[in-house]
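Before any comments, here is the structure.
The values are calculated or read from the model by the stated rules, or taken from the named source; none is laboratory data. The structure presented is a predicted model; accordingly, all values stated were derived computationally and were not measured. Ideal geometry is used to build each Cβ from the backbone, glycine not excepted, and the neighbour counts take in all protein chains shown.
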């Protein structure tokens, strides 16, 4: 097993994740995924990280050698060819040792029953529905609400929940309430261009970056809730949204419906709608401004800058640098704060009377 090729070589399903394919081959050899990979590549723990997003080149070469699958084919089953900007829509799985705590891996029950494999498309946060079966994607077990973990499936089956053993392919199919929004379709097209082009297609990267910045600002400033009230066609946005990438299916779909309305039209019309939501140029001060959004941002009101009542205290001078590693540092720092801070005006309060009154 260590020096030769695999005895059983299951082919990679179209658009299948590397972790899903590796787990299926591990179970086919009658072993758990960590033990199987430990025999292939001793001394390297590949399951203690997001295997599909951060596998090393050496591990990929070893897998290609043992499975006799072309290296380029294995690389296309990961997210290595995507840039850092395009990975901003990749749902995190919250790795904890060899298990997963985040609901970042989605699945379609019908597709899982047909192919018994998890696909790359299900890891994107803009994927909310299965285009083939017209149903919504799940991101957890419907019985125990545990996240889907392919390599820890019970009974050596990746289509079973790793906690309660429920067959995920038998989950009820929930029909899609609406077709994918234009923004979701554009993001999927942009990701295909980024992966296939040698220079990662700068125009597609700029669009992906702009949509991610807009969603981040909408959620961070709270404007997304005001937008849901003004643009009633987009649907309800529940409170609060802690992380968009880990938000529920309906929340993400309604958010993209809002983005559709907020990005349609020329820059002047976009800026007028953003102004109604209370967005200003200062709302985007902590983010980059790609060309796709910069024209509309420049038409927004400048916003009001927060003014400090007094300049901050600066007590870390040359004397404090000399005392940084010595014993009296804390004493000198406290003394400097007492001498620098403004003294209170008026007589000190009579604490004895207050205590007696109580």
- Item | Any chance residue 16 is in contact (Cβ under 8 Å) with a residue 12 or more places away in the chain and on the phi > 0 side of the Ramachandran plot | no
- Query: Do any helices (runs of 4 or more DSSP H) entirely within the range 246-358 hold 3 or more residues that are in contact with a helix residue (DSSP H, G or I) (Cβ under 9 Å, 6 or more places away or on another chain), at negative phi and modelled with pLDDT of 70 or more, and if so, which?
  - Reply: 249-263, 267-276, 291-298
- Filtered residues of the range 140-160 (kept if crowded, with 19+ Cβ neighbours inside 10 Å and more than 15 Å from residue 27 (Cβ to Cβ)): 141, 147, 148
- Message: If I go through the range 262-295 residue by residue, how many of them are closer than 15 Å to residue 218 by Cα and surrounded by 16 or more Cβ atoms within 10 Å (Cβ to Cβ)?
- Response: 14
- Message: Looking at 133, 200, can you tell me which residue is modelled with pLDDT under 90 and under 29 Å from residue 212 (Cβ atoms)?
- Response: 200
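Taking the criterion of being in contact with a strand residue (DSSP E or B) (Cβ under 8 Å, 6 or more places away or on another chain) and surrounded by fewer than 22 Cβ atoms within 10 Å (Cβ to Cβ), would at least one residue in the range 60-74 satisfy it?
In the first step, residues of the range 60-74 are kept if they are in contact with a strand residue (DSSP E or B) (Cβ under 8 Å, 6 or more places away or on another chain); the result is none.
No.
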- Item | Condition met for residue 88 (modelled with pLDDT under 90 and part of a helix (DSSP H, G or I)) | yes
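Among the residues of the range 93-106, write down those that are in contact with a helix residue (DSSP H, G or I) (Cβ under 7 Å, 6 or more places away or on another chain) and assigned to a loop (DSSP other than H, G, I, E, B). Break it down stepwise before answering.
So in the range 93-106, the residues in contact with a helix residue (DSSP H, G or I) (Cβ under 7 Å, 6 or more places away or on another chain) come out as 98-99, 104-106.
Once the filter is applied, which keeps residues that are in contact with a helix residue (DSSP H, G or I) (Cβ under 7 Å, 6 or more places away or on another chain) and assigned to a loop (DSSP other than H, G, I, E, B), the range 93-106 yields 98, 104, 105, 106.
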- How many residues of the range 224-245 are modelled with pLDDT under 75, under 19 Å from the mean Cα position of the chain (by Cα) and surrounded by 18 or more Cβ atoms within 10 Å (Cβ to Cβ)? The answer is 2
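Scan 53, 28, 33, 23 and give me the residue that is in contact with a strand residue (DSSP E or B) (Cβ under 7 Å, 6 or more places away or on another chain) and on the phi < 0 side of the Ramachandran plot. Walk me through it before giving the result.
On the way: 28 fails: in contact with a strand residue (DSSP E or B) (Cβ under 7 Å, 6 or more places away or on another chain); 33 fails: in contact with a strand residue (DSSP E or B) (Cβ under 7 Å, 6 or more places away or on another chain); 23 fails: in contact with a strand residue (DSSP E or B) (Cβ under 7 Å, 6 or more places away or on another chain).
Among 53, 28, 33, 23, only 53 is in contact with a strand residue (DSSP E or B) (Cβ under 7 Å, 6 or more places away or on another chain) and on the phi < 0 side of the Ramachandran plot.
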